[in-house]
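Each reported figure results from applying straightforward, stated rules to the coordinates on display, with no laboratory input. If you're wondering where the values come from, they're calculated on a predicted model, not measured in any experiment. No Cβ is skipped: glycine too gets one built from the backbone with ideal geometry, and neighbour counts run over all protein chains shown.
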Amino acid sequence: MRTVDTETGTDAGPDFEEPSTESEEVKATPPPSRRLLVLCAVAGFVLGGGVLGLLWGLSGVHAGALDDALAACQSLDRVGQLPDTSRDAQPKLTPGLTPERLHRMTAARELSAAAAQVNAAYQPLADHIDGVSRMVLSLHFNDISGQRHLVQAQEICGRI
């Protein structure tokens, strides 16, 4: 049996139903707001940038200056007792230093220079260790200024 839709004048099947009003209600509600999503994205970006900036600032090179100065003093101390022939009228032939001691002296010079590069307060330490290094590497233990630099460097190391 055929039925005719009275409103549209078209044929309808046996299961013809009246159009529902639900589709009108769905169309009438506004789409969900994206403000919360955008706000969360911006807040996450700002928070992530802040944490990254904080970590970057805390991992700066300035924090390592003290560590470098302490390591330079420890390295100088590990060089061991250096001969002092500055008081001898005729210095005897001084024994050479082992390669390990020379490497430690070079390490002390480099570490103190790195500390002074970052923090100018360590410049006197770097200068004195450089003076000691020049004396040791040239094996001129009768150098009065080199011996003076050694005493000054040890005093500065004692205060750090």
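Points to keep in mind about this one:
- Protection proxy ranking, peptides 139-146, 44-51, 105-112, average beta carbon neighbours within 10 Å, highest first: 105-112, 139-146, 44-51
- Compared with the alpha-carbon gap, the fully stretched path from Gln123 to His103 is longer by 5.1 nm at 0.36 nm per residue.
- Distance in nm between pseudo-label sites at Arg159 and Leu47 (7 Å out along the Cβ direction from Cα): 4.8 nm
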